[in-house]
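Before any comments, here is the structure.
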Amino acid sequence: MAVLNINLGLKSYEICDTDGNTVGVIRFNPSDPGMVSRWKEVQEFINGFDEKEYNTPEKIGEADRAIKEKFNYAFGTDVSSVLFQNVSSLALCEDGRMVLENVLEAVQPIIEEAMKVAQKNSEARVRARTVEYEGSKKGLAPGQR
């Protein structure tokens with residue numbers, strides 16, 4: 001059987017706990033433009049989250065599952081099982097912050113930086129391919145300006 005190798009832009013990120021122990025690895029394409037809109041959906045969902053509505057164990061479990069599903073949707077793969085382990089995304093840490101906050105704080109800069117780099121590289125590729133046409137009539141049909 002022939003092997004077809006395709007670069008999907010996937011990057012691996014080792015996830016460690018606060019003690020430095022590796023708890024898993026997640027793989028995703030951080031510069032996937034589709035991820036931007038999916039990530040916005042995650043942010044909107046989280047920003048619309050009203051803790052007062054989740055006052056029973058059932059509702060808390062429901063919210064936790066929904067948050068994790070949104071993360072998996074945004075990344076296009078199961079990242080929640082690694083990022084959150086077997087801990088509720090709404091669990092509190094010793095400093096009073098939710099696990100969700102810590103995950104967001106760790107992941108957000110990776111996505112933002114990757115998008116900036118991808119945009120910069122994309123613009124450079126376009127510029128390299130169009131520079132010879134700038135200010136000229138090269139490539140235009142007769143009668144075009």
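The values are calculated or read from the model by the stated rules, or taken from the named source; none is laboratory data. In this text the structure is predicted, and so the values were computed from the model without any measurement. These area figures cover heavy atoms from the full protein model, side chains too; ligands, DNA and RNA do not enter into them. Shrake-Rupley method; radii C 1.70, N 1.55, O 1.52, S 1.80 Å.
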Accessible area of the range 1-104 belonging to carbon and sulfur atoms, whole % at 1.4 Å probe
50
For the chain, what is the relative contact order in percent, using Cα pairs closer than 8 Å and at least 6 residues apart in sequence?
19
How big is the accessible area of LYS40 in square angstrom, nearest 10, if you roll a 1.4 angstrom probe over the protein chains?
110
Theoretical gain in end-to-end length, LYS120 to THR22 [0.36 nm per residue, Cα-Cα removed]:
32.1 nm
Just to make sure I understand: if all protein chains stay in place, what is the order of MET1, MET35, MET98 by accessible area at 1.4 Å, largest first?
MET1, MET98, MET35
What are the principal axis extents of the Cα atoms in the range 54-126, in Å, biggest first?
53, 26, 20
Need the full-extension length gain, GLU62 to ASP50, defined as separation in residues times 0.36 nm minus the C-alpha distance. One decimal, nm.
3.0 nm
Rounded tilt (10° steps) of 99-130 against the dominant C-alpha axis of the chain:
0
Per residue, how much accessible area does the chain have with a 1.4 Å probe, in Å²?
72
How would the range 1-80 be classified by its alpha-carbon gyration tensor: rounded, prolate or oblate, with rounded meaning a/c under 1.5 and the a/b versus b/c comparison settling the rest?
prolate
Normalized C-alpha radius of gyration of the chain, against 2.2 N^0.38 Å?
1.47
Which residues' amide hydrogens lie under 5 Å from the amide hydrogen of ILE15, considering only partners 5 or more residues apart or on another chain, with H built in the peptide plane?
VAL23, GLY24, VAL25, ILE26
